[in-house]
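Q: Supplied in C-alpha cells, the structure appears directly below.
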Amino acid sequence: MSETFDIGLGNHDVHLRKKADSDFISFWDDQARNLSWFSTWTATLDWKPPFAKWFVGGTINASYNALDIHQNSRADKTAILWEGENDESRTLTYADMFMQVQKFANVLKSLDVKKGDRVTIYLPMVPELPISMLACARIGAIHTVIFSGFSAASIRDRVNDSESRVIITADGGYRRGKIVNLKDVVDDAIDGIDLVDHVIVLERAKNKISMSAKDKFWNDLMDSASSSCDAERLESTHPLYILYTSGTTGKPKGVLHGTGGYLTHLYSTFKWAFDIQDTDVFFCTADIGWVTGHSYVVYAPLLHGATQVMYEGAPDFPDESRMWDILQKYNVTIFYTTPTALRMFMKFGDDVPNSFDLSSLRLLGTVGEPINPEVWKWYFKTIGKEKCPIIDTWWQTETGGMLISPLPGLETIPLKPGSGTRPIPGINLDVVDEHGDVVPINTKGHLVINNPWPGMLLTLWGDDEKYRNVYWSKYENRYYSGDFATQDDDGYIWLLGRADDVLKVAGHRIGTAELESCIVSHQSVAESAVCGISDNVKGEVIIAFVVLRHGLKIDSDALEKELVDKIRSDIGAIATPRQIYFVSKLPKTRSGKIMRRLLKAIGTNEVVGDLSTLEDGAAVTEVKKVFDEIQKSIKD
Ligand code: ATP
Ligand code: MG
C-alpha cells in the first residue's frame, strides 16, 4: 500500500468527468467554447488515423486569444514579471504585450513573412521571446523556437529542416554571470546556407557582434513599425509551431502542433490542474525552448490572462537561494518545476528554503521525469509546508499538454507520492503488454492512448511516414507513448521511465527509473543515474552514479553497502550494481533530464554526439574519468 495524502483541496465537478467518459468528442467540443473563435467549426473531430483534425472549419488565432481578448478587462494587469539573471527586472502588462506583439508582427510582414512561413527563434529567456512567438502566431507564421543553449550545428539542422527564411536572435544571453554570444553561433550556423534572408538581432547583452547585410537590429525595425496589426483568421488546424524534441534519446524530430485543438487542451488543463485565479502569480521554471515553456509559460497563462514570473537565468545563480528569493519577492502562488531541479534544491539542504517566506504558495507542480517519492515528500513538506498539493503532470512534447495529473481545479483526489494520479477527462489510456492487451493491476507495461485528444501533434514536420512509424505502428490506432507504467487498484498511473531506457541484465529487464528511485530514497542521496555497460557473461552489468546530499561526507564503502542492501531488498539481487560511484554532479540537459544516452556512450566508448544542450560540461569530464578508471581496473 502506498502512502496517500489527502489535503482536501479542490473543487468538485463530477459532471464534467462523467460527460467526458460518455462522449469525449462532445466533451472537448464544450471545452473549445471557452476560447474566442472568429467562426465556429462544422466538425468537432475528423479522425483518419493517425491524423486528427480538431474543430474543422473553425477559425481562430492564438495571439488574439492570448492578448486581444484581455484588452477590456485586463489591459493594465501584469502579464509578465521578468527577472533578469543579474537582478534587473521588467514588468509588462497585457496592454504592453499587445502593443509589442502587433508592432513585431508588422516587422515580420515588412520582411515578407507570410502565413505558413517558418520563422526560427533563437533567443534567451527575455520577454521578446514570447513577443516573437505571438507575433508569428498573429500573422499565421509557424514559429520554431530553438533553445538558446543549442550549438551552431543543431541550429543549422533545424533551420534546414524547417526551411526558415528568417531567424530572430540576440547579441548575447546571460548564463551564470557570463555572456554567451548567440549572434556568433547563428553566424556559424547559417554560414553557407542561402535559404536565410534575414537575421533580426535583439540587443540584450550589448556584447560585440558583427553585422552583415542580412542582419537588422530589433529596435531599428520596431521603431518604424506601426502598432496596429489585426490577427489573421486561421483555420483551427493551421500549424502554430514546430518544436524539435530535446533529443534525450537521439535524433531530434520536428513535432508539429496546430492551433484550435492545442489551445483548447492548454486552456482546459491549466484551469483544471492549477485552478488558475485572477489573483494568482504563476511561475514555471521551464525554458521556453522546451515544450513546457511553449505550453505553460507562453500560451496557457496568457489565454487565462494570468500574471506570471519569467526568469532569465540559472536556478542556482548567483547562489543556491535564487529560486526561493524569486518566489518570496513576487509572492508566487503556483510554482511549476522539474524533479531534477527539486533534487538539486534538496541537495543544498533545508536551511536555504527555510530562510525565506514561502507562505504565498498554494499549488506546487512538477513535470519532466518521474518524481521519486522521497523528493515528492520533501517538496510537499519543506516547500509547501504540507498545505500545497503536488501536481505531478505527465505529458510529452508530442501530447502538447498534460494528459495525466491531479486536477485540484476540478476534483478532489488523494495524492500518492510518485504517481500523477489519473488521466485528465477526455483521455482514455491503458497500460498494455506487447500484444496490446491490458496488463493486470500493478504490472508493468506500455502506456498507450486509445483516442485522439486536442493537444495531439499534427504530424512530424515533413515526415508523415516517420510520424506513423514512431507513434502509431506498434499498436493499431493507439498512440504509443514510449513510456513504461503500471496502474494500481485505485486506477492511479505510475510512470516508470522510458521503454528505451531499460537495463537488460541476464535476461531481465529493469527500468532505470525504478532503480534510481530506490537509490534516491536513501536519506543520504540527492541524485542518481544508472546505466548498463556491456559484459560478456551477463549481457549488461549495472553501474550507478550517486550524488550525495549537500555537505554529507560519508564513508563510501559503508554507504555503498547500505545502498546495495536496499536495492536487493526493494528490487531484487538482479538489480545490484557492479559498482556505485560517488560523483559531485551528473550530466544533464538544461531541460533538466539526466543524459543517460551520454552515460552509456561514455561507458561503451562511443561517440557522444551533440553535447550542446548539456547543463554543465564538467559533469561529463567527471563521469568520463570514472569510466576510465573502471576500464583500467578491468584491464589490471
Ligand atoms: P526525446 O523525445 O527527444 O527523447 P524527451 O522525451 O525528453 O526527448 P519531452 O517530450 O520533453 O522530451 O519529455 C517527455 C518525457 O518526459 C515523457 O515521455 C516521460 O518519459 C518524461 N516525463 C514527463 N513528465 C513526466 C512525469 N510527470 N512523470 C514521469 N515521467 C515524465
Ligand atoms: Mg520523448
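The values are calculated or read from the model by the stated rules, or taken from the named source; none is laboratory data. No experiment lies behind these values; they were computed from the predicted model shown. FYI the Cβ positions are ideal-geometry reconstructions off the backbone, even for glycines, and counts take in every protein chain you see. To get the accessible areas, we keep the full protein, side chains included, count just its heavy atoms, and leave off ligands, DNA and RNA. Shrake-Rupley method; radii C 1.70, N 1.55, O 1.52, S 1.80 Å.
Q: Under 6 Å by Cβ, and 6 or more places apart or on different chains, what pairs join a residue from the stretch 386-401 that is within 15 Å of Leu256 (Cβ to Cβ) and among the hydroxyl-bearing types (Ser, Thr, Tyr) with one that is assigned to a loop (DSSP other than H, G, I, E, B) and within 10 Å of ligand 1 (Cβ to nearest atom)?
A: From the stretch 386-401, the pairs are Thr397/Thr245.
Q: Can you pull out every residue in the stretch 564-581 that is in contact with a helix residue (DSSP H, G or I) (Cβ under 6 Å, 6 or more places away or on another chain) and more than 14 Å from Gly532 (Cα to Cα)?
A: The answer is Ile567, Asp570, Ile571.
Q: Which count do you get for residues in the stretch 140-160 that are of a type in the set (A, V, I, L, M, F, W, C) and touching a residue at least 60 places away in the same chain (Cβ under 8 Å)?
A: Here the count works out to 6.
Q: Looking at the structure I just gave you, is Val608 at pLDDT below 85, more than 16 Å from ligand 2 (Cβ to nearest atom) and in a helix (DSSP H, G or I)?
A: So Val608 fails the test.
Q: Quick one: which of Ala314, Ala306 is within 17 Å of the chain's Cα centre (by Cα), open to solvent by less than 10 Å² (accessible area, probe 1.4 Å) and either small (Gly, Ala, Ser) or away from ligand 1 (no atom under 16 Å from the Cβ) (or both)?
A: Exactly one of Ala314, Ala306 is within 17 Å of the chain's Cα centre (by Cα), open to solvent by less than 10 Å² (accessible area, probe 1.4 Å) and either small (Gly, Ala, Ser) or away from ligand 1 (no atom under 16 Å from the Cβ) (or both), namely Ala314.
Q: Taking the options Ala205, Ala213, Ala225, name whichever one is part of a loop (DSSP other than H, G, I, E, B), away from ligand 2 (no atom under 16 Å from the Cβ) and touching a residue at least 40 places away in the same chain (Cβ under 8 Å).
A: Sole residue among the options that is part of a loop (DSSP other than H, G, I, E, B), away from ligand 2 (no atom under 16 Å from the Cβ) and touching a residue at least 40 places away in the same chain (Cβ under 8 Å): Ala225.
Q: Could I ask something else about it? Out of Ala137, Ala153, I need the residue that is surrounded by 23 or more Cβ atoms within 10 Å (Cβ to Cβ), part of a helix (DSSP H, G or I), among the aliphatic types (A, V, I, L, M) and out of contact with any Lys or Arg (no Cβ under 6 Å at 6 or more places or on another chain). Which one? Quick ask: steps written out before the conclusion?
A: On the way: Ala153 fails: surrounded by 23 or more Cβ atoms within 10 Å (Cβ to Cβ).
Testing whether each residue is surrounded by 23 or more Cβ atoms within 10 Å (Cβ to Cβ), part of a helix (DSSP H, G or I), among the aliphatic types (A, V, I, L, M) and out of contact with any Lys or Arg (no Cβ under 6 Å at 6 or more places or on another chain) leaves just Ala137.
Q: Okay, moving on. Can you name the condition, by its number, that Ile493 falls short on among (1) in contact (Cβ under 8 Å) with a residue 60 or more places away in the chain; (2) open to solvent by 20 Å² or more (accessible area, probe 1.4 Å)?
A: For Ile493, the failing item is (2).
Q: Tell me whether the stretch 280-287 contains one or more residues that are closer than 29 Å to Ala499 by Cα, open to solvent by less than 10 Å² (accessible area, probe 1.4 Å) and within 16 Å of ligand 1 (Cβ to nearest atom).
A: yes
Q: Across the stretch 403-423, which residue is farthest from the chain's Cα centre (by Cα) among those that are open to solvent by less than 20 Å² (accessible area, probe 1.4 Å) and either within 15 Å of ligand 2 (Cβ to nearest atom) or among the β-branched types (Val, Ile, Thr) (or both)?
A: The residue in question is Thr421.
Q: Related question: Looking at (1) without any contact (Cβ under 8 Å) to a residue 60 or more places away in the chain; (2) open to solvent by 30 Å² or more (accessible area, probe 1.4 Å); (3) in a helix (DSSP H, G or I), which is the one condition that is false for Arg90?
A: Unmet for Arg90, out of (1) without any contact (Cβ under 8 Å) to a residue 60 or more places away in the chain; (2) open to solvent by 30 Å² or more (accessible area, probe 1.4 Å); (3) in a helix (DSSP H, G or I): (3).
Q: Among the numbered criteria (1) charged (D, E, K, R); (2) surrounded by 14 or more Cβ atoms within 10 Å (Cβ to Cβ); (3) at pLDDT below 95; (4) away from ligand 2 (no atom under 16 Å from the Cβ), which one does Lys253 miss?
A: (4)
Q: Output the number of residues of the stretch 496-527 satisfying the condition of being closer than 23 Å to Lys347 by Cβ and either at pLDDT 90 or above or more than 16 Å from ligand 2 (Cβ to nearest atom) (or both).
A: Residues that pass the stated criteria total 14.
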